[in-house]
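Everything below concerns the one structure shown next.
The values are calculated or read from the model by the stated rules, or taken from the named source; none is laboratory data. All values reported here derive from a predicted model rather than from experimental measurement. Virtual Cβ from ideal backbone geometry, glycine too; neighbours counted across all protein chains shown. Accessible surface is based on the protein model in full, side chains and every heavy atom, while ligands, DNA and RNA are left aside. Shrake-Rupley method; radii C 1.70, N 1.55, O 1.52, S 1.80 Å.
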Amino acid sequence: MTDENAMHSHFMKMALDLAEKGRGFTSPNPMVGAVAVKDGKVVGSGWHKKAGLAHAEVNAIDDAKESARGAALYVTLEPCNHTGQTPPCTKKILDAGIAKVIVAANDPNPGVRGGGNEFLRSKGIEVVTGILKDESETLNEVFNKNILTGRPFVLVKCAATLDGRIATRTGDAGWISNEASHKYVHQLRHSLDGIMVGANTVKNDDPSLTTRLEAIKGKDPARIILDANLTISANAKVLHHKSEAPTILVCGKDAPGNKRKQFADMGAEIIECPTFEGRIDLEILMERLSDFKITGLLIEGGSQVIGSALRAGIVDKFMIFYAPKILGADDGIPVCAGKGPDFMNQALKLSRISTRRFGDDIMIAGYL
């Protein structure tokens, strides 16, 4: 690595760390960070804090003030060259007298990709691209999937014993994983727009499906319940809290009309979706969730839902927390339920595997 590349990577890493501060707050926009550098020193920094507010480049330039003139601007995503909720960042860059722009990743939107970079080049500004590109694209994997397909990025998360069970034969699933793992899961909830479970999970566990964080006031995801015949109790916690996020009940065409009205009167959103063998068609549901601006979806179970999601091919990332516990029997509830493949070579394979420890728990994650 050349000295120049090392310098670019150093300052871009700072910009990526700033971008991370926007996690959970910028949807449907990407997370973006920016650093203004002059004479080898940071003179301004900023990140995109919330959709509708100023972009990272604007915040970094405003922070730099007059020092922005002649500075290099490191930004984790190509500066926008169009007017949306805010003016184009390219104009701000030109007006501030920025001399050079270093970009991690191009805008993934096919309609605007490359336009910001080329506009700046046409105005005489040097533009360098591809610095920590992979890191930037991973940071915004939810945004990238959604902007390219119109469908949500889907993450499956579960906790299991070492012998692969998410609950005992009685359905008891409480506290398989530890407190550190639970805290991380709440960060996942905060970072994604929706959380989805099946009706049995609501009946057995009666979860709130909200976000509880210690350091900040987290964002609740929309609660999406798969319930083809609307069989959950009207007393379920998902129907009774003051969260600003909606509760969405997904049912089939044969769901009773009186139940639809009852839950709608309680404030729930009702989505009717085709069913197959009594279960919601998840492929079609993914398309319909765009109406609710769900760019990222966390699936937390249970085993029927996880198995159905994997077989439907809607899952982008799989994450499992293994706890150092063994049920020692074959009558507990498995991670996935339903019919599996006949041969091992038909098993789904994960790539880009990562591992992380949370106390005694071990998290394994990978992409499908």
Whole-Hz ³J(HN,Hα) from phi, Karplus 6.51 cos²θ - 1.76 cosθ + 1.60, for the range 159-165, glycine and proline x:
10, 9, 6, 5, 9, x, 10
Provide the per residue accessible area, probe 1.4 Å, for the chain, rounded to a whole number of square angstrom.
49
So what J values fall out for the range 303-316 if you push phi through Karplus, 6.51 cos²θ - 1.76 cosθ + 1.60 with θ = phi - 60°, rounded to Hz, Gly and Pro as x?
5, 5, 5, 4, x, 5, 5, 5, 5, 6, x, 9, 8, 9
Rounded to the nearest 10 degrees, the helix 179-191 long axis (Cα) sits at an angle to the longest Cα principal axis of the chain of 60
The range 232-272 versus the range 184-226: alpha-carbon centroid distance in Å
16
Skipping prolines and chain starts, which residues have an amide H placed within reach, meaning under 5 Å, of the one on V43, given they are 5 or more residues away or on another chain?
A36, V37, K38
The chain, relative contact order in percent, only Cα pairs under 8 angstrom and at least six apart counted
15
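Using packing as a proxy for protection, rank 274-280, 33-39, 244-250 so that the peptide with the highest average count of other Cβ atoms within 10 Å comes first. Don't skip to the end; give the middle numbers.
Details: 274-280: 14.1, 33-39: 24.3, 244-250: 19.6.
Ranking, from highest mean packing down: 33-39, 244-250, 274-280.
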Okay, which of the range 225-257 sit inside 20 Å, backbone N to the point 7 Å along the Cα-Cβ direction of N204?
225-239, 250
Percent accessible area from carbon and sulfur atoms, the chain, protein chains only, probe 1.4 Å:
50
Taking amide hydrogens as modeled 1.01 Å from N in the peptide plane, which residues meet the under 5 Å criterion relative to T295, leaving out close sequence neighbours?
D193
Extension reserve of the E272-E141 stretch, reckoned as 0.36 nm per residue once the Cα distance is removed
44.3 nm
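If packing is taken as the average count of other Cβ atoms within 10 Å, what order do 317-327, 350-360 fall into, highest mean first?
Numbers: 317-327: 18.1, 350-360: 11.5.
Order by mean packing, descending: 317-327, 350-360.
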Considering only K242, K21, K261, give the residue with the highest GNM mean-square fluctuation for the chain, with springs between Cα atoms whenever their separation is below 10 Å.
K242
What residue among D265, D205, D193 has the largest mean-square fluctuation in a Gaussian network model of the chain, using Cα springs under 10 Å?
D265
Quick check: convex hull of the Cα atoms in the range 133-172, volume per residue, rounded to a whole Å³?
115
Among N345, N106, N59, residue whose mean-square fluctuation peaks in a GNM of the chain (springs only between Cα atoms under 10 Å)
N345
Would you mind checking the radius of gyration and Dmax of the range 179-306 based on alpha-carbon positions, in Å?
14.1, 44
Give me a comma-separated list of calculated 3J(HN,Hα) values for the range 59-68, in order, Karplus coefficients 6.51, -1.76, 1.60 applied at θ = phi - 60°, integers in Hz, x for any Gly or Pro.
5, 5, 5, 4, 5, 6, 6, 5, 5, 5
If the only charges are +1 at each Lys and Arg Cβ and -1 at each Asp and Glu Cβ, what is the size of the charge dipole of the chain around the Cα centre, to the nearest 20 debye?
420
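Note down the magnitude of the dipole of the range 224-368 about its Cα centre, charges +1 on Lys and Arg C-beta and -1 on Asp and Glu C-beta and zero elsewhere, to the nearest 20 debye. Don't skip to the answer; put the middle values down first.
Details: 17 positive and 18 negative charges, 60 e Å.
So the dipole magnitude of the range 224-368 works out to roughly 280 debye.
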Taking R0 as 30 Å, what FRET efficiency do you get between K261 and E287 from their Cβ-Cβ distance, rounded to the nearest 0.05?
0.70
Show the residues, 5+ positions off or on another chain, whose built amide H is closer than 5 Å to the amide H of N229.
G252
Gap separating the Cα centres of the range 15-75 and the range 80-137, nearest whole Å
13
How far apart, in nm, are the 7 Å Cα→Cβ label points at K50 and K242?
1.8
Quick one: in the range 38-115, what % of C-alpha pairs are over 18 Å apart?
36
Taking every DSSP bridge whose two residues both lie in the chain, the antiparallel percent to the nearest 5 is 40
Rounded to one decimal in nm, the spacing of the 7 Å Cα→Cβ label points at N109 and M344 is 4.8
For the chain, treating each Cα as an identical point scatterer without solvent, what Debye log10 I(q)/I(0) comes out at q = 0.09 1/Å?
-0.59
With all pairs of different alpha carbon atoms counted, what Kirkwood hydrodynamic radius in Å does the range 149-222 show?
13.8
